[in-house]
Amino acid sequence: MKNEEVTDCGKEAVFLQKILDELPVIAYVNEYRKPGDLKSLRVIWSSLYTQEFLGLTREDIDGMGFVFFESVFHPADVEFFNELSEKAVAGSLEKVFTSILRVKPFTGEDYIWLYGLVSSSTITRMVSPGIY
């Protein structure tokens, strides 16, 4: 890959990050450390809006591992989330589906009902220094 292409990719990544940070959407990307092991699931990226909504920094979210899901989702919805994750690992989950979950920001005591579209896909990421 030429240096010009790397520079263009870097500029595009910054541009896309700015777009994602401006959208009022809870968006995050998960990764299994061990494929098929639900407890190894962790967040590897979250939008600025997600961080502000939850009252956490990206480092907080990234460092929590599976505890993030247990801390943020209502206990009854954690079970639902577990079922979805098992289906995703088995490959029997629709690519895009709707979901309703209760989420509790760290800045509050009450759960908030969230309705939204969920995208489930398997992406193999190439890791380069400093790039997610």
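From the residues in region 51-93 that are at pLDDT 90 or above and among the polar types (S, T, N, Q), which one is nearest to the chain's Cα centre (by Cα)?
The extreme case among them is Q51.
Taking V72, is it out of contact with any helix residue (DSSP H, G or I) (no Cβ under 6 Å at 6 or more places or on another chain) and closer than 12 Å to K104 by Cα?
For V72, the condition - out of contact with any helix residue (DSSP H, G or I) (no Cβ under 6 Å at 6 or more places or on another chain) and closer than 12 Å to K104 by Cα - is met.
The values are calculated or read from the model by the stated rules, or taken from the named source; none is laboratory data. None of the values given here were measured: they were computed from a predicted structure. In this analysis, Cβ positions are derived from the backbone assuming ideal geometry, glycine residues included, and neighbour counts consider all displayed protein chains.
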